[in-house]
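Reviewing the structure listed below.
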Amino acid sequence: MFKIKNRKLKIAVATGMSGLLIAGALGFIWLRQGAVSGDSSPGQTPLPDFNTTKRQADGGEVPAQNALGDIFAEGTQVPQNYEEAARWYRKAAEQNFPAAQYHLGELYDIGRGVPRDEAEAANWYRKAADGGNADAQYTLAGMYSLGRGVPANTEEALKWYHRASEQGDALSMYQLAERYERAKGVSQDFVEAYKWQTLAAGLKLHDAVVAKKNLEAKLTSGQRAEAAKRVRDFQTKFRQK
């Protein structure tokens, strides 16, 4: 499965910085499953063999259809073909495969293989988000935050940032922290902001490491202790370390 390669590009798609940034990033936009949400990229897992995957996809195997979309999007085993990627993602997406729904949403978001259509992108992101895809939840939250493809809705944005955070998405944790620190759609709460920055920093998100250090100076020792308790409670509830 593919992901947007790095934090800045993922933010660009989520916040609507399409234009030249997205056009110039096409050679870098896909990365296989397993990438962290920071600036570094770990080793990649090879995609399955094209011929085997094509035979399975033709036979109706939904995960293979999604994987075939990945293969065409990557363009290493076969010539890169976003139209074919979209066709195979759609086959899997229409059978409620969240990863394919997310990737089809991405293609609509940047207009590759399908016409660029933010509303249609949001439609597929929502399906994937409802299916538990954390990347889709993060991206949908950004769309609700800006009113991109959907009506602006702060409550919806916060809901999806929370759901992605509960799955360990560091960027969503960072976004929540920023909102609590700056009172964006929520009451200002430095303790809650510090909790989210601590969690995101623990997942190696560089911006969160910096933000956590800057925020720490605004907290009393008692507030830091309360934030630490909230971090432990969150980790216990969602079994994250």
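Residues checked against (1) in the same structural domain as Q65 (by TED's automatic domain parsing); (2) under 19 Å from D58 (Cα atoms); (3) out of contact with any Lys or Arg (no Cβ under 8 Å at 6 or more places or on another chain); (4) free of Cβ contacts under 8 Å to residues at least 40 places away in the same chain:
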{"residue": "V78", "(1), (2), (3), (4)": "yes, yes, yes, yes"}
{"residue": "R87", "(1), (2), (3), (4)": "yes, yes, yes, yes"}
{"residue": "A100", "(1), (2), (3), (4)": "yes, yes, no, yes"}
{"residue": "P115", "(1), (2), (3), (4)": "yes, no, yes, yes"}
State all residues of the range 76-100 that are within 22 Å of the chain's Cα centre (by Cα), surrounded by fewer than 22 Cβ atoms within 10 Å (Cβ to Cβ) and assigned to a loop (DSSP other than H, G, I, E, B); if no residue qualifies, say none.
E94, Q95, N96
Yes or no: T220 buried (at least 16 other Cβ atoms within 10 Å of the Cβ) and either touching a Phe, Trp or Tyr at 6+ places or on another chain (Cβ under 7 Å) or not aromatic (F, W, Y) (or both)?
no
Report yes if Q197 is outside any loop (DSSP other than H, G, I, E, B) and surrounded by fewer than 15 Cβ atoms within 10 Å (Cβ to Cβ), otherwise no.
no
Residue in the range 182-194 that is surrounded by the fewest Cβ atoms within 10 Å (Cβ to Cβ), counting only those that are touching a Leu at 6+ places or on another chain (Cβ under 8 Å) and not in a helix (DSSP H, G or I):
G185
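Listed here are the residues, each with its yes/no results for (1) of a type in the set (K, R); (2) modelled with pLDDT of 95 or more; (3) not in a helix (DSSP H, G or I).
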position: A141; (1), (2), (3): no, yes, no
position: Y144; (1), (2), (3): no, yes, no
position: Y180; (1), (2), (3): no, yes, no
position: D207; (1), (2), (3): no, yes, no
position: N214; (1), (2), (3): no, yes, no
position: K218; (1), (2), (3): yes, no, yes
position: A227; (1), (2), (3): no, yes, no
position: R230; (1), (2), (3): yes, yes, no
Give the residue that is surrounded by the most Cβ atoms within 10 Å (Cβ to Cβ), with candidates limited to residues of the range 101-140 that are charged (D, E, K, R) and in contact with a Gly (Cβ under 9 Å, 6 or more places away or on another chain).
D109
I need a count of the residues in the range 146-167 that are assigned to a loop (DSSP other than H, G, I, E, B) and buried (at least 18 other Cβ atoms within 10 Å of the Cβ).
3
Just wondering, is there one or more residues in the range 191-204 that are small (G, A, S) and touching a residue at least 40 places away in the same chain (Cβ under 8 Å)?
no
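The values are calculated or read from the model by the stated rules, or taken from the named source; none is laboratory data. Source: prediction; values computed, not measured. Cβ sites come from the backbone with ideal geometry, for glycine too, and all protein chains shown count toward neighbours.
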